[in-house]
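Asks: Quick one: this structure, given as structure tokens, is what I'll be asking you about.
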Amino acid sequence: MTPQIKNCIIAASAILVILASCVWIYFTQFKTTQYNVGLHRRIGQVLAEQAFKALGSKGHIVSIAIDTKEWPELKIQLDAFKSALKKLGQYEIREYELDTKDQPKYGLGSGLSGRRYVRTVKKNEKADLFVSFVGAPKLSSEEVAELGNKPKLIVESRSGENLYGLFQDKLVVAAVVSRFQFPAPAPEKPHTPDEWFVKRYQIVTPDDVKILPKAE
């Protein structure tokens, strides 16, 4: 083996080691810190606490979500939601996963349409409460009428959009919404899951309808 070839092999090996290190750093450091585990666990717990307030210690609950493969933080929320419910009471829980057909509108706190919500309700007519992890549906008057007895709904939403009408129609009993009132009451530099939740999110109930943006 000539010195030139030997040097090329050494150089190539060094490059491969550097690339492997970069990949390792990305997957173990950067990718895993794209979301706050404690915060998302707390969101799931809060949704469960609101379900308890709406139903008491028992009932039939249907969660509405999407495939968590591309949304690991959603899996954290769902797991925390179910775990908290087990501690709060005796509930029959059904997980309903929407087929997104790869549409980009679906995500954590967004995507649920009025039509998809009505279909989900119709498929689960014995449910006492629906909990949407994919936003608040915008319902037409026809869709509201189609719902009939107006099942209780709790939502996680990226914004207050659609919530005013849902509360007015007495469809939503509580919502966990990305914070829209500032300054947040949490410390400037939050440390605990509760502090992070208060900084990033807020709970909206029927008593808070006046603070929500009205639909145009």
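What follows is calculated from the coordinates using simple rules that are stated; it is not laboratory data. Predicted model only: the values in this text are computed from it and were never measured. Positions of Cβ are generated from backbone atoms using ideal geometry, with glycine treated the same way; all protein chains shown enter the neighbour counts.
Asks: So how do 82-90, 133-141, 115-123 stack up, highest first, on mean other-Cβ count within 10 Å? If you can, show how the numbers build up before the last one.
Replies: Working: 82-90: 15.0, 133-141: 22.0, 115-123: 16.9.
Answer by packing, highest mean first, reads 133-141, 115-123, 82-90.
Asks: Can you list residues whose amide H is under 5 Å from TYR201's amide H, if they're 5+ apart or on another chain and H is modeled 1.01 Å from N?
Replies: When sequence neighbours closer than 5 places are left aside, the close amide H contacts are ARG179.
Asks: Quick one: which residues, 5 or more positions from SER157 or on another chain, have an amide H under 5 Å from its amide H? H modelled 1.01 Å from N in the peptide plane, none for Pro or chain starts.
Replies: Hits under the 5 Å cutoff: VAL176, VAL177, SER178.
Asks: Moving to a separate point now. I'd like the Karplus ³J(HN,Hα) series for segment 184-192: coefficients 6.51, -1.76, 1.60, θ = phi - 60°, whole numbers in Hz, and an x wherever there's a Gly or Pro.
Replies: My calculation for segment 184-192 gives 6, x, 6, x, 4, 10, x, 10, 8 Hz in order.
Asks: Over segment 36-211, what is the relative contact order in whole percent, taking alpha-carbon pairs under 8 Å and six or more residues apart? Write out the running numbers ahead of the final one.
Replies: Details: 316 pairs, mean separation 38.0, N = 176.
Relative CO of segment 36-211 lands at 22 percent.
Asks: What is the fewest-to-most order of GLU156, GLU195 by other Cβ atoms lying within 10 Å of their Cβ?
Replies: GLU195, GLU156
Asks: Students often forget the sequence filter, so: which lysines lie under 18 Å Cα-Cα from LYS123 once same-chain residues fewer than 8 apart are removed?
Replies: Counting by Cα, and skipping residues close in sequence, LYS123 has these lysines nearby: LYS150, LYS152.
Asks: Cut-off is 10 Å between beta-carbons; in what order do ASP169, ASP207 appear when sorted fewest neighbours first?
Replies: Details: ASP169 13, ASP207 8.
Sorted ascending by nearby Cβ count, the order is ASP207, ASP169.
Asks: Here's a follow-up. Give the cross-link partners of LYS58 among the aspartates and glutamates, using a straight C-alpha distance below 15 Å as the criterion and excluding same-chain residues fewer than 8 apart.
Replies: LYS58 reaches GLU49, GLU92, ASP128.
Asks: Once you sort the root eigenvalues of the Cα gyration tensor of segment 36-211 as a ≥ b ≥ c, which label holds: rounded (a/c under 1.5), prolate (a/b larger than b/c) or oblate (the other case)?
Replies: It comes out rounded by the Cα gyration axes.
Asks: Now for a separate question. What list of ³J(HN,Hα) values in whole Hz, one per residue of segment 113-125 in order, does the Karplus curve 6.51 cos²θ - 1.76 cosθ + 1.60 (θ = phi - 60°) give from phi, with Gly and Pro shown as x?
Replies: Result, rounded to whole Hz: 8, x, 5, 5, 5, 4, 4, 5, 4, 4, 7, 9, 5.
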